[in-house]
Each structure stands twice: as C-alpha cells, then as structure tokens.
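Visitor: This is the structure I have questions about; it appears just below.
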Amino acid sequence: MSTKTTSSKVSNSLFLVRQPIKAASSKEVVVEAVNHVAIIDCSGSMYAELPRIREQLKKRIPKLLKEQDTLSVIWFSGRGQCGVLLEAEPIATLTDLQAVNGAIDRWLKTVGLTGFKEPIELVSKLVATVAKKNSNPFAMFFMSDGCDNQWSRQEILKAVELVSGKLASASFVE
C-alpha cells in the first residue's frame, strides 16, 4: 500500500482521495491485578438476606476475579465482633474456589448487632499486612442492611478517612 496521499478528479465537484492511515500502535494494555476486600454484615438484621448474599457472592467471585487477583473477606456484627475470614486468597483453581465457597457458607452467619467502625479499621490493618507481600491496588466492597448502632457517626467517618488513602476504590452498599 502506498504511503502518500493521492487524489483523483471524478467530476468537477467530486474527487476521490486516498489517505493512508497509520496503523494503531501495538501497545499492549496491561491489566493490573487487584486485591479485592469484601466486608459483609453478619448482624441479626441480616438473617433473611445473608443466605442470598452468600449465594450471590459465590456466583460473582468467578466472574470478578482475574487470574492474579486475590480475595479477602471480613465479617462483622456488633462491637468486638469482626474478623478476617479470608486474607488475600488467590483463587487460581476450582479447588481454591470450592474452599472459598465452603468458608463463605460455613462462617457467614448472623451473630448480633451492627457496628461499622471496627471492620473498617480492620481493612487498614489487612491492607498493611497484605501490601508487604503484594503491591497490587485494593478495592473494597462494604455491605450492610442498616445503620450502625454501636459507634458515633464521627468515629465511623474517622475510620473511613484513615482507610481511604489505602484503597484504589471503595463501594458502600447500605
């Protein structure tokens, strides 16, 4: 193919112009792996919804995670009732996926009241621990059906402010 522009007169007011277009660059798009953190409300008010949330979470994981991604799951309920169920788990095989699904079914059950501050603070600690081994960005998903009945709004917002600079993205579903 010619690399120069050519023009041919078809009629007095019509020309055919051939203009070569540069080939698109061959830059390869690199998709960065992500450390996903799901925070799930296991308070008593979640009794009816938690079985559906467990099923939706298990269905979404294979679609959400790319090969190098990791998944952490934090559960929470009332004051002093929260913890890390899974910490930066790679899900590379069907066996890994089965183990994660089993942990979700076994442990995400309703417990007590609703407190947002401590699980958000736990995300800060989790990020600090995982970041020592894995420099990929963190994306957090926080799910609850209601209001915190354990901590003041100011205390919760302070915890959110402390974790905000450590996350590439955060979604709160309440």
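The values are calculated or read from the model by the stated rules, or taken from the named source; none is laboratory data. Because the structure is predicted, anything quoted here is derived from the model rather than measured. Using ideal geometry, Cβ is built from the backbone for each residue, glycine included, and neighbour counts are taken over all protein chains shown. Accessible surface is based on the protein model in full, side chains and every heavy atom, while ligands, DNA and RNA are left aside. Shrake-Rupley method; radii C 1.70, N 1.55, O 1.52, S 1.80 Å.
Visitor: Give me the residue from the range 104-121 that is of a type in the set (Val, Ile, Thr) and open to solvent by 20 Å² or more (accessible area, probe 1.4 Å) and, out of that set, modelled with the lowest pLDDT. Working first, answer last.
Guide: Going residue by residue through the range 104-121, those that are of a type in the set (Val, Ile, Thr) are 104, 110-111, 114, 120.
Narrowing the set further to residues that are open to solvent by 20 Å² or more (accessible area, probe 1.4 Å) leaves 110-111.
On the way: 110: 94, 111: 91.
Among residues in the range 104-121 that are of a type in the set (Val, Ile, Thr) and open to solvent by 20 Å² or more (accessible area, probe 1.4 Å), the one modelled with the lowest pLDDT is 111.
Visitor: Do we have any residue at all in the range 122-137 that's of a type in the set (A, V, I, L, M), open to solvent by 40 Å² or more (accessible area, probe 1.4 Å) and without any contact (Cβ under 8 Å) to a residue 40 or more places away in the chain? Outline the logic, then answer.
Guide: Keep residues of the range 122-137 that are of a type in the set (A, V, I, L, M), which gives 122-123, 126-128, 130-131.
Adding the requirement that they be open to solvent by 40 Å² or more (accessible area, probe 1.4 Å) leaves 128, 131.
Next cut, without any contact (Cβ under 8 Å) to a residue 40 or more places away in the chain only: 128, 131.
Yes, because at least one residue in the range 122-137 is of a type in the set (A, V, I, L, M), open to solvent by 40 Å² or more (accessible area, probe 1.4 Å) and without any contact (Cβ under 8 Å) to a residue 40 or more places away in the chain.
Visitor: Identify the single condition in (1) modelled with pLDDT of 95 or more; (2) within 23 Å of residue 156 (Cβ to Cβ) that residue 44 does not satisfy, given that it satisfies every other one.
Guide: Failed condition: (1).
Visitor: Is it the case that the range 72-80 has a residue that's open to solvent by 10 Å² or more (accessible area, probe 1.4 Å), closer than 24 Å to residue 133 by Cβ and in contact (Cβ under 8 Å) with a residue 24 or more places away in the chain?
Guide: Looking only at the range 72-80, we keep the residues that are open to solvent by 10 Å² or more (accessible area, probe 1.4 Å), and these are 75, 79-80.
Still in the list and also closer than 24 Å to residue 133 by Cβ: 75.
Now restrict to residues that are in contact (Cβ under 8 Å) with a residue 24 or more places away in the chain: 75.
Checked against the condition, which is being open to solvent by 10 Å² or more (accessible area, probe 1.4 Å), closer than 24 Å to residue 133 by Cβ and in contact (Cβ under 8 Å) with a residue 24 or more places away in the chain, the range 72-80 yields at least one hit.
Visitor: Take residue 85 and decide whether it is free of Cβ contacts under 8 Å to residues at least 40 places away in the same chain, within 27 Å of residue 148 (Cβ to Cβ), more than 14 Å from the chain's Cα centre (by Cα) and crowded, with 16+ Cβ neighbours inside 10 Å. Break it down stepwise before answering.
Guide: Working: free of Cβ contacts under 8 Å to residues at least 40 places away in the same chain: yes; within 27 Å of residue 148 (Cβ to Cβ): yes; more than 14 Å from the chain's Cα centre (by Cα): yes; crowded, with 16+ Cβ neighbours inside 10 Å: yes.
Yes.
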